[in-house]
Structures are given as structure tokens and as C-alpha cells.
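Below is one structure, written out as C-alpha cells; comments come after it.
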Amino acid sequence: MSVRALSTELAAVRVMVADGLAEIGDAGDAGQVWLRSATARLTAFDGVLTEAAGVLAGPTRVLVLTLATFLLVAGSTALAGALGLGTGGVLALAGGTLLIAAAAAPWASRHVYSLIGRRRLSRTTPGPAAEAGPAGLPERLSRARVRLVSAALRQAGAGNWSAPELRRAIRTDPVVRRLAYADQLLCQAVDCVERHLGDLRKDSP
């Protein structure tokens, strides 16, 4: 799936979910435990979806990693030389630098992907979501989930839709992995909203 096509799909899903989140805020009962849970999950969903839109292509990730490793090793070697360290010191400093960089890489990549993702999503112009009241919120979020899952399946590839192939795609493809997590958060949010509506029905005379 091309980057542009994926960004268009994810932007549309993001609009649908954002409208749902706004409806929860307009419900006037945001202190209710199920709505708080739904809000937390939809907020996390937006961050994960934005990351998914900003993931770099595999060759680009390899190139960036190679360049970063080279720069870190070269910088460590130059610093060790300036400090008058011997070969052992050079190796220790370079190794320590790479270990620190490896530990910081997940945090850094999330922020980089989020920045890129926001830029990509801002370039798309999805249409407005249909109006719906609070009672129709689970259905709207479910429609968003259908579109999200469709995008994830197309990202995985038409020949990789069996359960074992999808599990492998989740392990190996950072985009599919993030979309799977986003789907989990969206399912949990739908469940929370439905529980809230169920409580309202039970409390109604």
C-alpha cells in the first residue's frame, strides 16, 4: 500500500474517531468511569495512528540506522582520540555510546514517526464524518474500525491474510504492528462506550 493511500485512509479514520471523542466530551458526563476509559483509549489511539502514518519505508530506515551508527562510532572515536584513550578506551566508549543510542532509539523513533505522521496526515483532506448522537457512537467507532482493519490488511498484502501470516506481519512490519495496537485500543473504547450506554439504560425509569 502506498504511503499516500495509507495516509488518506488513516486520516479518514482519525477524523471519525476524533468526532467520536468530541461527542464524548459533549455528553456532559465525562467524569463517568467508562467514558474516562474510552477517552483515554481514543487519545492513545490517535498517537498510535499518527505514528503508523509516519513510519519510514524499510530501505530508508536501514539507511538512517547505518548513517546514525557511522556517525556515533566516528564521533566516539574522535572523542576518545582527543582524550588520549588507547584502543581499549576507544572500543569501550564506542560500545557504550551505541548501547545508549540503542536504548534511546525506540523513544526517538516514536517522536520522529509522530512528527512525520502529523505532516503526512495534514496533507490529506478526508470528508466530514456523518453526524450521530451519543447512542450512535459505538456504531461510528465500529465503522472507523472496519476502515482501519481494511487499511491494515492492505498494508500486510493480499497474500498475507491468514492468522499465521498476519502474526508474522505484526512482528516484522512496524506499520502493521501499530495498526494492530490501534485496533485493540479502538475495540476497548467501543466496549467502554457500550458499557456506559448500558448503564444509562439500566438507570432509566
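The values are calculated or read from the model by the stated rules, or taken from the named source; none is laboratory data. It should be emphasised that the depicted structure is a prediction, and the values quoted were computed from it without experimental measurement. All Cβ positions, glycine included, derive from the backbone under ideal geometry; neighbour counts span all protein chains shown.
Just the residues that are on the phi < 0 side of the Ramachandran plot and surrounded by fewer than 14 Cβ atoms within 10 Å (Cβ to Cβ), please, taken from the range 70-88. Before you say what the answer is, go through the steps one by one.
Pass one, the range 70-88, residues on the phi < 0 side of the Ramachandran plot: 70-83, 85-88.
The answer is F70, L71, A74, G75, A78, G81, A82, L83, G86, T87, G88.
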>> Just to check your reading of the model, which residue among A68, A38, A52, A102 is in a helix (DSSP H, G or I), touching a residue at least 40 places away in the same chain (Cβ under 8 Å) and closer than 24 Å to T172 by Cβ?
In response: A52
> Counting only residues that are surrounded by 11 or more Cβ atoms within 10 Å (Cβ to Cβ) and of a type in the set (A, V, I, L, M, F, W, C), how many does the range 103-120 have?
Replying inline: 5
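Here are A57, A78, A53: which of them is over 30 Å from V15 (Cα atoms) and out of contact with any Pro (no Cβ under 6 Å at 6 or more places or on another chain)? Full working, then the answer.
Values: A57 fails: over 30 Å from V15 (Cα atoms); A53 fails: over 30 Å from V15 (Cα atoms).
It is A78.
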> Filtering the range 12-44 down to residues that are touching a helix residue (DSSP H, G or I) at 6+ places or on another chain (Cβ under 8 Å) and closer than 20 Å to T124 by Cα, which residue is modelled with the lowest pLDDT?
Replying inline: G20
